[in-house]
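Notes to accompany the following structure.
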Amino acid sequence: MTIDIRKVTVLGTGVLGSQIAFQTAFRGFDVIAYDIDDDALTAAKGRFDKLAAVYRDEVPGGGDGKAERVAEAIGLSSDLAQAVSDADLVIEAIPEVLSLKQETYEKLGALAPERTVFATNSSTLLPSAIKDFTGRPDRFLALHFANQVWHYNTAEIMGTADTDPAVYQAVVDFASAIGMVPIELRKEKAGYVLNSLLVPLLNAGMALAAGGYAEPEAVDKTWRIGTGAPAGPFQILDVVGLTTPYNILVNGDENAQRLAKWLKENYIDQGKLGIATGEGFYKYS
Ligand code: NAD
């Protein structure tokens, strides 16, 4: 069966789902965005309007009313059966709760046409934990975007042992077609490529500062000059926001919990959460 991806349905219109839907529609695909109820769809409409302004101002080709037309063209639905009835690809970006994802895939598997490919944007769950709930493990894989897809345009593609290689390739081609740089993983890995590299770097930077070895500025300067990278771990942490790393560290081993405590006492408790609050490890105007 040839796999032709033209019609895409995105499940979940939160931070990432709204961006994935917008980027896909911006690149000329037919897109339906699904969320649980009318309130969520009203919020989605607001997100698409905000994204239209970003694409108009920051993305080449987004001017002359195109970004606004894209926002208008995205179909909205809170009826799952209708939303997926003619989808070639469903990209799922619902909350990161395994049981919720499993339930959703059980419903989806029963409602979507046989040809439909399913892709999860999950950051931390492995597709093998979900595949048996899809009813079509050969047509299921992970397609993982980064926040601000128009700017940080990696798309990490990771199948399970059951994913059909033709499905995998079709999703790689789709990622390119929507302007992403496909990053192909050959087997499952928690954290994909990016977070497998980034998380240890951020933790090592925090361990240097929390241990009193070097100030955050000195750590960042070393990384920038020593490797030519544009930003050091603390500059990156300010962009990510300090809450997400805190939530991960606080559930980790003894060393991780020490770092969590340091982050909380020195930054989070003082409202220094990163760029979003005007101050993290650095001050922003
Ligand atoms: P979010 O909380 O911003 O959005 C989740 C959306 O899903 C909400 O609109 C919610 O109404 C909707 N939803 C809830 N239950 C649903 C259901 N049963 N069916 C359909 N929609 C439902 O979450 P997010 O940050 O966009 O994350 C979504 C997924 O994307 C997660 O798996 C996360 O790991 C992944 N992700 C997030 C980021 C990020 O930076 N936020 C980056 C990469 C991947």
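The values are calculated or read from the model by the stated rules, or taken from the named source; none is laboratory data. For clarity, every value in this text was computed on a predicted model and none was experimentally measured. Cβ placement follows ideal geometry from the backbone for every residue including glycine, while neighbour counts extend to all protein chains displayed. SASA here: full protein model, heavy atoms, side chains in, ligands and nucleic acids out. Shrake-Rupley method; radii C 1.70, N 1.55, O 1.52, S 1.80 Å.
The residues of the stretch 62-111 that are within 19 Å of THR42 (Cα to Cα), in contact with a strand residue (DSSP E or B) (Cβ under 8 Å, 6 or more places away or on another chain) and small (Gly, Ala, Ser), listed by number, are ALA73, GLY75, SER77, SER78, ALA83, ALA93. Reported count of residues in the stretch 131-161, each being of a type in the set (Ser, Thr, Tyr) and under 12 Å from the mean Cα position of the chain (by Cα), is 2.
Residues in the stretch 59-109 that are within 20 Å of the chain's Cα centre (by Cα), assigned to a helix (DSSP H, G or I) and over 21 Å from HIS151 (Cα atoms): LEU98, SER99, LEU100, LYS101, GLN102, THR104, TYR105.
Any idea which of MET180, MET206 is surrounded by 15 or more Cβ atoms within 10 Å (Cβ to Cβ), assigned by TED's automatic domain parsing to the domain that holds GLN23 and of a type outside the set (Ser, Thr, Tyr)? Of MET180, MET206, the one residue that is surrounded by 15 or more Cβ atoms within 10 Å (Cβ to Cβ), assigned by TED's automatic domain parsing to the domain that holds GLN23 and of a type outside the set (Ser, Thr, Tyr) is MET180.
Within the set ALA142, ALA119, ALA175, ALA112, the sole residue that is in contact with a Leu (Cβ under 6 Å, 6 or more places away or on another chain) and within 23 Å of GLN19 (Cβ to Cβ) turns out to be ALA119. Find the residue count for the stretch 101-133, including only residues that are touching a residue at least 60 places away in the same chain (Cβ under 8 Å), more than 11 Å from the ligand (Cβ to nearest atom) and open to solvent by 10 Å² or more (accessible area, probe 1.4 Å). Residues that pass the stated criteria total 3.
Somewhere in the stretch 71-89, is a residue charged (D, E, K, R), modelled with pLDDT of 95 or more and under 20 Å from ALA142 (Cβ atoms)? I'd like the intermediate steps shown before the answer.
Kept after step one, since they are charged (D, E, K, R), are these residues of the stretch 71-89: 72, 79, 86, 88.
With modelled with pLDDT of 95 or more added as a condition, the list becomes 72, 79, 86, 88.
Of the ones still in play, those that are also under 20 Å from ALA142 (Cβ atoms) are 88.
Yes - at least one qualifying residue is present in the stretch 71-89.
Can you tell me how many residues in the stretch 6-25 are open to solvent by less than 20 Å² (accessible area, probe 1.4 Å) and within 29 Å of PRO165 (Cβ to Cβ)? Within the stretch 6-25, residues that are open to solvent by less than 20 Å² (accessible area, probe 1.4 Å) and within 29 Å of PRO165 (Cβ to Cβ) number 12. Residues in the stretch 269-285 that are out of contact with any Phe, Trp or Tyr (no Cβ under 6 Å at 6 or more places or on another chain) and within 21 Å of ASN195 (Cβ to Cβ): LEU273, GLY274, ALA276, GLY280. Checking each residue in the stretch 23-58 for being in a helix (DSSP H, G or I) and away from the ligand (no atom under 15 Å from the Cβ) picks out ALA25, PHE26, ASP49, ALA52, ALA53, VAL54, TYR55, ARG56, ASP57, GLU58. Every listed requirement among (1) among the β-branched types (Val, Ile, Thr); (2) open to solvent by less than 60 Å² (accessible area, probe 1.4 Å); (3) over 19 Å from the mean Cα position of the chain (by Cα) is met by VAL172 save one, (3).
Going by what's in this entry, would VAL199 be described as open to solvent by 40 Å² or more (accessible area, probe 1.4 Å) and either of a type in the set (A, V, I, L, M) or in contact with a strand residue (DSSP E or B) (Cβ under 9 Å, 6 or more places away or on another chain) (or both)? Considered against the rule, which asks whether it is open to solvent by 40 Å² or more (accessible area, probe 1.4 Å) and either of a type in the set (A, V, I, L, M) or in contact with a strand residue (DSSP E or B) (Cβ under 9 Å, 6 or more places away or on another chain) (or both), VAL199 comes out as yes.
Pairs linking a residue in the stretch 36-51 that is touching a residue at least 24 places away in the same chain (Cβ under 8 Å) to a residue that is of a type in the set (Asp, Glu), with Cβ atoms under 6 Å and 6 or more positions apart or on different chains, are LEU41/ASP35; ALA44/ASP35.
Checked against the criteria, ALA93 counts as open to solvent by less than 70 Å² (accessible area, probe 1.4 Å), in contact with a Gly (Cβ under 9 Å, 6 or more places away or on another chain) and in the same structural domain as ASP39 (by TED's automatic domain parsing).
When GLY46, GLY61 are screened for being loosely packed, with under 13 Cβ neighbours inside 10 Å, modelled with pLDDT of 95 or more and either on the phi > 0 side of the Ramachandran plot or of a type in the set (Phe, Trp, Tyr) (or both), only GLY61 passes.
Restricting the search to the stretch 243-281, which residues are in contact with a Lys or Arg (Cβ under 7 Å, 6 or more places away or on another chain) and open to solvent by less than 40 Å² (accessible area, probe 1.4 Å)?
Across the stretch 243-281, the qualifying residue is only GLY280.
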